[in-house]
Amino acid sequence: MKFASVILLSAALLLGWATAMPLLIRMEAEDAVAPDLIAIFAKPTRSWETTDLPIGETESIKLAAEQNLRYDRYFFRSYRKGSTEFTIYVAYWLPGKQPPHLITQHVPDRCWTMNGMTCEEMRFEVPTSIGTHQLWPAQWRQFRNTDGKVVYAMFWHTVGGRPYNFGRQFYAVPHAGTFWFEAFRYLLGSRPEQVFFRVTSNSPIDELWKNPELQEVLGGFLQLGLAAGPVY
């Protein structure tokens, strides 16, 4: 009888948790406010020409991207000096908006290769910093597009301020351990805010990253939780 009582009590608690959790997540999301990404990256550049870019080349592509990604805010800007171009793309999701595994379906490893681009070189968990602040390790890629031009990229994905574990692999197919770990956390009610960061360039990013003006602009990453430690 005692065993049966424990089972019934556990089932009741689980049912109560399952009923209450969606409401709590919805309340958290309603109270949260998406950051103003335009203001965060408003730092002017003296010698780089800037252009805000659309999420898609046409209205139909833009609409499809918005419906698939379901982000709450995004920022996409090009910085150009002569023949050198550097872009910053950031997408933000409020708590409970989107499961992590659905967001990672749109990383360059998957989306770009599906659109005909070829990955020629990859590096994993690359250490990077902005000023004196160490960032969470980045994924580094060198792609070639359908026009034969080389595109360098670095990207990150944070879930509640912690880095999403892409593993040491090309992420066209999700890392099984990470996929189930994140799915389990999501089912248990862990649904914090998420941010996806990506920088691209037609020149090696390692060299451009040290540019003082771009370092100032990239400082916006710190405000969005990409630093691996406290930011003072």
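Rule-based calculations on the coordinates, nothing more; no lab input. As the structure is a computational prediction, the values presented were derived from the model and not from experiment. Here the Cβ positions follow ideal geometry from the backbone for every residue, glycine too, while neighbour counts run over all protein chains shown.
Could you list log10 I(q)/I(0) for region 34-223 at q = 0.08, 0.14 Å⁻¹, which the Debye formula gives when each Cα is one point scatterer? Summing over Cα pairs of region 34-223 leads to -0.25, -0.82. Footprinting exposure proxy ranking of 52, 72, 147, fewest other C-beta atoms within 10 angstrom first, gives 147, 52, 72.
Computed from the C-beta positions of residue 132 and residue 45 and an R0 of 22 Å, the FRET efficiency is 0.55 to the nearest 0.05.
Given R0 = 22 Å, the distance between the Cβ atoms of residue 124 and residue 144 translates into a calculated FRET efficiency of 0.65. Evaluated with a Cβ-only charge set (Lys, Arg +1; Asp, Glu -1), region 90-202 carries a dipole of roughly 140 debye about its Cα centre, given to the nearest 20.
A simple count of charges around residue 35, restricted to other residues whose Cβ falls under 10 Å of its Cβ and scoring Lys, Arg +1 and Asp, Glu -1, yields -2. Summing charges over neighbours of residue 221, with a neighbour being any other residue whose Cβ is under 14 Å away from its Cβ, gives +2 when K and R count +1 and D and E count -1.
The calculated FRET efficiency for the pair residue 190 and residue 55, based on their C-beta separation and a Förster distance of 30 Å, comes to about 0.65. Here is the list for region 94-171: trypsin sites (Lys or Arg not before Pro) lying in DSSP coil, each with at most 15 other C-beta atoms within 10 angstrom of its C-beta, are 149, 168.
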